[in-house]
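Engineer: After the structure tokens below, expect a handful of questions from me.
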Amino acid sequence: ASQFGMKEALEKLGIKTINEGTSTGINNFSSGEILESYSPVDGKLIASVKMSTAQDYEKAIQTAAEAFKTFRLIPAPQRGEIVRQFGEKLRQNKEALGKLVSYEMGKSLQEGFGEVQEMIDICDFAVGLSRQLHGLTMHSERPGHRMYEQYHPLGIVGIISAFNFPVAVWSWNTALAWISGDVCVWKPSEKTPLCGIACQNIIAQVIKENNLPEGISCLINGDYKIGELMTADTRIPLVSATGSTRMGKIVAQKVAGRLGKSLLELGGNNAIIVTPDADIKMTVIGAVFGAVGTAGQRCTSTRRLIIHESIYDKVKDALVAAYKQLRIGNPLDENNHVGPLIDVHAVEMYADALNKVVAEGGKILVEGGVLSGEGYESGCYVKPAIAEAENSFEIVQHETFAPVLYLLKYSGEVDNAIEIQNGVAQGLSSAIMTNNLREAERFLSVTGSDCGIANVNIGTSGAEIGGAFGGEKETGGGRESGSDAWKIYMRRQTNTINYTTNLPLAQGIKFDL
Ligand code: NAD
């Protein structure tokens, strides 16, 4: 990785390489055991960090709580100015941070830069929003009364994030939380701790330059154990958790048990419906990018293609031909299409899925396999695979976080395809490829896709920050990022003001003394 300027990137982001000792970072509450970060790109140890102990956690929460006391008093547009400066700092660090994302997580360099661009975009969005935290005004039924709604900050927002978007998910939350007047405590994925330290170092500079309390952004490191301290903590009114459905079910119950709020962004099982009226060329591009981009490790990755029987063979042949063109290798090298999986455990899950689909009666169309030899030393590089399957197979019902694409056939009307598409437990992203207006509108109608995201003539993968992002059913129901997603970061209050000398009661109730 040295040839890609990784050493310089780490230095710019304030991360010590493994020979220089443990990376601490600014306002990172961690003094416990060592957590080592290995790159899936070349299998090398990049750096080590320390995990947070229970005492560290306590200190982080107290620092955040203290910061909230002053931060909430700063007017929202001024908080927006802080987020604007953060966006500027991200622009200056885009190259270095994008490289680190690519090297520590394994996504392509372009996608690493794209992820940092999303952070910048959400900052821009949040700056404008900081002047638009609007509440409604409504007419009171009582004379001489005024009634309106306003939004106040919540307090500490706890952020638990997944490895696959190691920096963007944090900023989707923080940019909105900060303009809302909240302070944030972040536990990044234990698989990408350096990305956490890098982001924290960037925001810490902005906080310092503005003489603000450091607890506006706190970092804690570790695995689910430190995450569990957050979910049980009544001082955290909102826990925003991104990751697997398995994790979300535990977090949701814990947070609900203390009647806290949770924002859940969990697994998907996303499908593209391909109708007889589809543009095949567009379909193939969308499906291949959706299935193999980020080595199939996006929550919105395309897992299932539901293809009409009349064009099934045509689409199948085009896909098989396209897969032959794929170059698998170092994601920092822009000539490659597919990088590694995050770790060898993910490789096992991938191999297991391919065995299962065959055991259940599926047929492999594009053979998978783990790559070895020069350039593949990390053991994390796998071949993207395609299998013919049935939607009812247990493995098809399950989200395998790897480049495995299932082809499913439908016959008759588009309603049959929609039934298959909705026939899974998850509800994140969905798409239809068609030039037929009736089919497209049917897919978007009340009897259409049951997902949080439904696209026409675009694949399932990726989304713009301007819309609310999230999904239904086992995807957890949360919405992040654009639109009115900011509302979950604030508490709503209804205010009624009486400017008369009488005290009329609502609903005309009489209470004469
Ligand atoms: P994961 O569930 O293993 O871990 C996610 C985070 O949760 C980590 O920080 C982990 O330490 C923490 N965690 C795990 N158990 C916990 C517990 N009991 N209490 C508190 N915290 C706990 O997920 P992963 O492997 O890092 O990420 C992949 C998954 O994330 C996929 O299912 C993917 O679809 C999903 N994801 C969803 C979205 C979305 O927006 N819907 C975005 C990215 C990833």
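Engineer: Tell me, please, whether a residue that is of a type in the set (S, T, N, Q), assigned to a strand (DSSP E or B) and surrounded by fewer than 21 Cβ atoms within 10 Å (Cβ to Cβ) can be found in the stretch 51-63.
Structural biologist: no
Engineer: Taking the stretch 159-184, which residues are more than 11 Å from the ligand (Cβ to nearest atom), within 14 Å of the chain's Cα centre (by Cα) and hydroxyl-bearing (Ser, Thr, Tyr)?
Structural biologist: Correct list: Ser171, Thr174.
Engineer: Quickly run through the stretch 387-398 and pick out the residues that are within 16 Å of the ligand (Cβ to nearest atom) and crowded, with 22+ Cβ neighbours inside 10 Å.
Structural biologist: Result: Val396, single match.
Engineer: Which of (1) within 30 Å of Thr500 (Cβ to Cβ); (2) aromatic (Phe, Trp, Tyr); (3) surrounded by 23 or more Cβ atoms within 10 Å (Cβ to Cβ) does Tyr103 not meet, given it meets every other one?
Structural biologist: The single condition Tyr103 does not satisfy is (1).
Engineer: Residue by residue through the stretch 469-488, note down the ones that are within 13 Å of the ligand (Cβ to nearest atom) and either in a strand (DSSP E or B) or among the small types (Gly, Ala, Ser) (or both).
Structural biologist: Correct list: Phe469, Gly470, Gly471, Glu472, Lys473, Gly476, Gly477, Gly478, Glu480, Ser481, Ala485.
Engineer: Being of a type in the set (Asp, Glu) and away from the ligand (no atom under 16 Å from the Cβ) is the filter here; which residues of the stretch 399-418 pass it?
Structural biologist: Glu413, Asp415
Engineer: Hey, another quick one. Among the numbered conditions (1) touching a strand residue (DSSP E or B) at 6+ places or on another chain (Cβ under 8 Å); (2) more than 18 Å from Cys195 (Cα to Cα), tell me where Lys59 comes up short.
Structural biologist: (1)
Engineer: Something else now. Give me the pairs: first residue in the stretch 230-256 and β-branched (Val, Ile, Thr), second residue loosely packed, with under 15 Cβ neighbours inside 10 Å, beta-carbon distance under 8 Å, and six or more apart or on different chains, which are they?
Structural biologist: Thr234/Arg258; Thr245/Ala425
Engineer: I've got another one for you. Considering only the stretch 158-198, state which residues are under 19 Å from Ser108 (Cα atoms) and either part of a helix (DSSP H, G or I) or β-branched (Val, Ile, Thr) (or both).
Structural biologist: Once the filter is applied, which keeps residues that are under 19 Å from Ser108 (Cα atoms) and either part of a helix (DSSP H, G or I) or β-branched (Val, Ile, Thr) (or both), the stretch 158-198 yields Val167, Ala168, Val169, Thr192, Pro193, Leu194, Cys195, Gly196, Ala198.
Engineer: Kindly list the number of the only condition in (1) without any contact (Cβ under 8 Å) to a residue 40 or more places away in the chain; (2) within 10 Å of the ligand (Cβ to nearest atom) that fails for Asn211.
Structural biologist: (2)
Engineer: Let me ask another. Take the residues in the stretch 218-239 that are away from the ligand (no atom under 11 Å from the Cβ) and within 19 Å of the chain's Cα centre (by Cα), then tell me which one is surrounded by the most Cβ atoms within 10 Å (Cβ to Cβ).
Structural biologist: Within the stretch 218-239, the match that is surrounded by the most Cβ atoms within 10 Å (Cβ to Cβ) is Leu219.
Engineer: Residues being outside any helix (DSSP H, G or I) and among the charged types (D, E, K, R): count how many of those fall in the stretch 403-425.
Structural biologist: Number satisfying all stated conditions: 2.
Engineer: Please identify the pairs in which a residue from the stretch 139-160 that is of a type in the set (Asp, Glu) has its Cβ atom under 7 Å from the Cβ atom of a residue that is modelled with pLDDT under 95, counting only partners at least 6 apart or on another chain.
Structural biologist: Close Cβ pairs satisfying both conditions: Glu141/Ala506.
Engineer: Next question. Suppose we keep only residues that are assigned to a loop (DSSP other than H, G, I, E, B) and near the ligand (Cβ under 9 Å from one of its atoms) within the stretch 240-268. Which one would you say is nearest to Thr302 (Cα to Cα)?
Structural biologist: Gly268
The values are calculated or read from the model by the stated rules, or taken from the named source; none is laboratory data. Every value quoted in this text rests on a predicted model; they were computed, and no experiment measured them. We place every Cβ from the backbone using ideal geometry, glycine too, and count neighbours over all the protein chains shown.
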